[in-house]
């Protein structure tokens, strides 16, 4: 039965080559275009969702208020904020700060050979708890505990050391904000492209303390992320941020606020973002384009099929 139907369909296609070609080509191109756009939407929508804790992670940010109006909104915050949240609120499971003093690259010497590494960060140990990494060598529990310890991504390790296991090797940063001799403690897989927390290396935040830094409410160079327990009320955290603002930064007109990790890429419009963000409006426009293309393709198919039927009826 199905062979007979298939033969009839094939004969119909052969007799009406032009109609068949236009119908098949139109539908194929429409479906292909929609698949490509769908992949783009999926990529953008899943930004920063790799961590199993993503839905419970927030980022703090600064707002400058003048005469009751928000003048600026900055993605970076004060170094004292993260430790204070974990000390004062049991709902805060973990926190991490990312610090590179605005530098997106660092010069490193390996056996006196210079290398330029992109996206270097000093981070707290909480980074590996909140954003688990795939360890190729070394251990998550100890790799960032000591000052001047450093984690390399796989691609960075291969650039510097080839196929050799670099754990235990030393690297020299001859100057700048990261100056010092560092010991490689681990190698992790390269982070995915659809995250704003890309890195070429991670150095222990303890290094800042060894350099003489003390946490304060005056300068703000850090990006502060914190993880809440699933039952936590974000409103309580917001109230605590307001208390910190009033106690320490009221005269400066600075107020703390917070945003969900998964909202950053498509919805955040802060200054000093780590990278250029996407736009939720673009994703909605792409979704509309998908529906439009499919609609046009099916209308075209129906019109051609109807026209073909009319021609057949006249022939009869």
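The values are calculated or read from the model by the stated rules, or taken from the named source; none is laboratory data. Predicted model, so just to flag it, every value in this text is computed and none were measured. Methodologically, a virtual Cβ is constructed for each residue, glycine included, from the backbone with ideal geometry; neighbour enumeration extends over all protein chains shown.
Screening the candidates 257, 229 for the property of being over 19 Å from residue 61 (Cα atoms), in contact with a strand residue (DSSP E or B) (Cβ under 7 Å, 6 or more places away or on another chain) and modelled with pLDDT of 95 or more yields one hit, 229.
Return a yes/no flag: does the range 71-78 have any residue that is surrounded by fewer than 13 Cβ atoms within 10 Å (Cβ to Cβ), more than 30 Å from residue 229 (Cβ to Cβ) and at pLDDT 95 or above. Checking the range 71-78: at least one residue is surrounded by fewer than 13 Cβ atoms within 10 Å (Cβ to Cβ), more than 30 Å from residue 229 (Cβ to Cβ) and at pLDDT 95 or above.
Within 18 Å of residue 160 (Cβ to Cβ) and surrounded by 22 or more Cβ atoms within 10 Å (Cβ to Cβ) - does that describe any residue in the range 84-102? Outline the logic, then answer.
Residues of the range 84-102 within 18 Å of residue 160 (Cβ to Cβ): none.
Within the range 84-102, none of the residues are within 18 Å of residue 160 (Cβ to Cβ) and surrounded by 22 or more Cβ atoms within 10 Å (Cβ to Cβ).
Among the residues of the range 128-139, those that are under 18 Å from residue 195 (Cβ atoms) and either buried (at least 17 other Cβ atoms within 10 Å of the Cβ) or in contact with a helix residue (DSSP H, G or I) (Cβ under 7 Å, 6 or more places away or on another chain) (or both) comprise 128, 129, 130, 131, 133. If the condition is being surrounded by 22 or more Cβ atoms within 10 Å (Cβ to Cβ) and within 17 Å of residue 225 (Cβ to Cβ), then the range 103-127 contributes 121, 122, 123, 124, 127.
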